[in-house]
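The values are calculated or read from the model by the stated rules, or taken from the named source; none is laboratory data. Just so it is clear, the structure is predicted and the values come from calculations on it, not from any experiment. Here Cβ is always computed from backbone atoms with ideal geometry, including for glycine, and neighbour counts include all displayed protein chains. Please note that ligands, DNA and RNA were not included when accessible areas were found on the heavy atoms of the full protein model with its side chains. Shrake-Rupley method; radii C 1.70, N 1.55, O 1.52, S 1.80 Å.
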Amino acid sequence: MTKAQQNYFELFGLEPNFSIDVPKLSAKLRTLLNSVHPDRFASSGAQQQMLSMQKTTQLNDAFAVLKHPVKRAQYLLHLKTGIDTAKDHTVNDPEFLMQQLELREELETISGGNDISQLHQFADKISALEEEQESRMTELFQQEPLDTDELEKAIYKLQFLHKTLSDIEQAEDKLLG
Amino acid sequence: MALLQISEPGKSTDPHQHKLAAGIDLGTTNSLIATVRSGKAETLPDLEGDHILPSIVHYTKDGTVSVGKSAKLFVCSDAKNTISSVKRLMGRGLKDVQKIKEFSANQLTASGTGMPAVETDCGIKNPVEVSSEILKALVKRAEDSLGGELGGVVITVPAYFDEAQRQATKDAAQIAGVKVLRLISEPTAAAVAYGLDTGSEGIHAIYDLGGGTFDISILRLEKGVFEVMATGGDSALGGDDFDRAIAGYLVEQANIDKNDRGAYQMAMIKARDVKEALTDKESVEINFMHWKGSMDRALMNSIIAPIVDKTLVACRRTLKDAGLKASEVQDIVMVGGSTRVPLVREKVETYFGKKPLTDIDPDKVVAIGAAIQADVLIGNKTDEDMLLLDVIPLSLGVETMGGLAEKIIPRNTPIPIARAQEFTTYKDGQTAMAIHVVQGERELVEDCRSLARFELRGIPPMVAGAARIKVTYQVDADGLLKVTAEETITGVKSDITVKPSYGLNDEQITSMLQSSVSHAEEDMKARMLREQQVEAKRVIEAVQAALAENGDELLSKDERHAIEEALKQLAYIADNGDIEAIEEAIKVVDKSTEEFASRRMDASIAKALVGHEIDEI
């Protein structure tokens, strides 16, 4: 009767897909926590408390991965193919490499100046690229069979865009002093 | 003849029994205890009607301990044996606290654990022991007035309290012999008292101005999770500064030598009276030594304004940390006695652009919120929707080469949580690895707070970089951490519950627990036996309720029979056995219900998921 360890998607009663409605997922997390959180077992025995702590930890862990597009993509690829892109991996994609360099240069120039609106425009551009990349990811994960080379490249790009967005935030903090 | 009562099927054997639980505000200057009675949360007074217990402990040579008002009498006359503000020492190292003004340099000494300790005529006392005396006094007050033993308490801690400080607080409760249902942060408790947790989502500021400390916390409530976005304040700013400023004015008016300590003491007492009187009145007459005069509220306001402005500077800085504007804050909750001062309320209102919440007594609001949460946790309220989720306040990390702190769990991660990270060896043939657990946001280990160090030994000699050491951090719902390290290729394991560097180990707690019971050892034994019997009863009730609820659907006949046999056995031993036998019998029941408990958990998740699907349609 004991089931094998459920994967993160199964924990939330979902099919393993890239596209996820995060607000819905978050509401689901709350419903689930409502029935398993340690606070529900504060006056139960030690065994129940341990079990509820394990379940809650699992749910929190799963949510942290599923809500984050890069981590979700990495997890899904690993789940489906066993390929681990979370560790250092390099991708051979000269075209994207060029684009990367240009974007980094653009960010450096903007953060060197003091025009916050320029930075915001740049942020909008990266966000748009990121969204584009996320829909591409959804498509790639729907293909049969999976094109793992393309997926690895796509994950790498998404990761780069994400990192750039957080760098923009830091640059914004600096500009606002 | 009275009719016999039969409980409804599917419910616990005694569903309507109200369990006793309390919330404790364990403050730097003052402490309070509150409970929910007939649906209303209220703080409990002592026999003389005082709700506030000064957080002061006095020791005498013959071992008599007094707490609160009676201890306060000794603050001047027997300073050496009187300990105030012990909260400032909790979970800290001797070096951290030597600059704190409340403790003269010679009052503090190192205890064997690296913790600071206070030398008294009754022996060396560490902060955890001292705090446990305050907790004991509060628990006794509650048990006397409620007429029964407390099933558990919720204790509040400052939002910025780190792992070591939380652990120290929990240890104090253990020594005081009270079960901690949960530690919650003070601002969260204040928000709960006002019911903000059940209200709309948004950002709340908790403005807490006490006697000697000022804290401002920005909380975000989203999907029932209270996230502490930023905290700030000044640990040396409070209502006492108002008194000092007013006293300075009085001394000046009366033309008294500033170095006359006696006169200054009197001026302080007078100043406090004036401040309190001007909370309601517009003006007061003052007789101070040979000087007669008066003070109106405008004059007082001009004297204390610079101090209130300082708190607003801290508010501005904290809002900036949270990336917010003052106008984005939905509610401002006022906490701490000094927020009664009208100028404080006015300035806060002007700064945030809306009226702060002041309906609940600011001295009691934290304890009241804790009591509400305790009532839910002990199971008196079946309000399924009230679930308070917390995040870790500071990132947890590990030291890597070059003195860098690698974050393993970033701040604001919802708890409980477990995270693992792999590390490898630095040198060829390295057989041991030192794990240094740190907490904080800074890059360098020396800027973070050191929580614990331990070693993983017995790594098989390999070339540098070949070993795989998996370090797992696990944080429970109270924010307490356990770290394990494992070499994954060979499975060499080091399972260590991290006790903070400045904490107590289990043996120390046990020995303090024993010495804290002033009676003979038999009493101690009797108490432990009673606790074990209570635990047995709790286990039996819980399992019976579970069996009634879904034993039929989840268990085969044989499985159910085995559990029922184990329960019968436990019930018999609980009445007739000794501590060890009961402990053993509980373990047998636990073992027999292991699979059942896990199936129940899965079933409840499945049910919650189904319910959710229906909600969505």
| Just one of B:VAL284, B:VAL228, B:VAL274 is buried (at least 16 other Cβ atoms within 10 Å of the Cβ), more than 39 Å from the chain's Cα centre (by Cα) and more than 14 Å from chain A (Cβ to nearest Cβ); which is it? | B:VAL284
| remark: Filter the range B:2-27 for residues that are at pLDDT 70 or above and assigned to a loop (DSSP other than H, G, I, E, B); the one that is most open to solvent (accessible area, probe 1.4 Å) is B:HIS18
| request: Kindly check whether there is at least one residue in the range B:553-567 that is within 26 Å of A:LEU59 (Cβ to Cβ), β-branched (Val, Ile, Thr) and modelled with pLDDT of 85 or more. | output: no
| request: Please indicate, with yes or no, whether at least one residue in the range A:67-82 is buried (at least 22 other Cβ atoms within 10 Å of the Cβ) and at the interface with another protein chain (Cβ under 10 Å from one of its Cβ atoms). | output: no
| field | Wholly within the range B:28-70, strands (runs of 3 or more DSSP E) carrying at least 1 residues that are of a type outside the set (A, V, I, L, M, F, W, C) and open to solvent by 40 Å² or more (accessible area, probe 1.4 Å) | value | B:30-37, B:40-43
| remark: Counting only strands (runs of 3 or more DSSP E) entirely within the range B:319-433, those with at least 3 residues that are at pLDDT below 95 and surrounded by fewer than 23 Cβ atoms within 10 Å (Cβ to Cβ) are B:396-400, B:404-409, B:417-423
| task | Considering (1) in contact with a helix residue (DSSP H, G or I) (Cβ under 9 Å, 6 or more places away or on another chain); (2) more than 9 Å from chain B (Cβ to nearest Cβ); (3) of a type outside the set (Gly, Ala, Ser), say which one A:VAL36 fails and leave the rest. | result | (2)
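Okay, residues lined up against (1) among the small types (Gly, Ala, Ser); (2) crowded, with 16+ Cβ neighbours inside 10 Å; (3) more than 13 Å from chain A (Cβ to nearest Cβ); (4) farther than 17 Å from B:ARG599 by Cα:
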| residue | (1), (2), (3), (4) |
| --- | --- |
| B:ALA548 | yes, yes, yes, no |
| B:ASP552 | no, no, yes, no |
| B:SER556 | yes, no, no, no |
| B:HIS561 | no, no, yes, no |
| B:LYS568 | no, no, yes, yes |
| B:ALA574 | yes, yes, yes, yes |
| B:ALA581 | yes, no, yes, yes |
| B:ILE586 | no, yes, no, yes |
| query | When the residues of the range B:168-210 are filtered to those that are away from chain A (no Cβ under 14 Å), open to solvent by less than 20 Å² (accessible area, probe 1.4 Å) and part of a strand (DSSP E or B), which remaining residue is farthest from B:ILE52 (Cα to Cα)? | reply | B:GLY202
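Answer with yes or no whether A:LEU97 is surrounded by 20 or more Cβ atoms within 10 Å (Cβ to Cβ), part of a helix (DSSP H, G or I), modelled with pLDDT of 80 or more and over 18 Å from the mean Cα position of the chain (by Cα).
no
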| Hey, A:ILE110 hits all of (1) modelled with pLDDT under 90; (2) part of a helix (DSSP H, G or I); (3) within 14 Å of chain B (Cβ to nearest Cβ) but one; which does it fall short on? | (3)
| query | Quick check, is B:ILE246 at pLDDT 85 or above and closer than 29 Å to B:ILE286 by Cα? | reply | yes
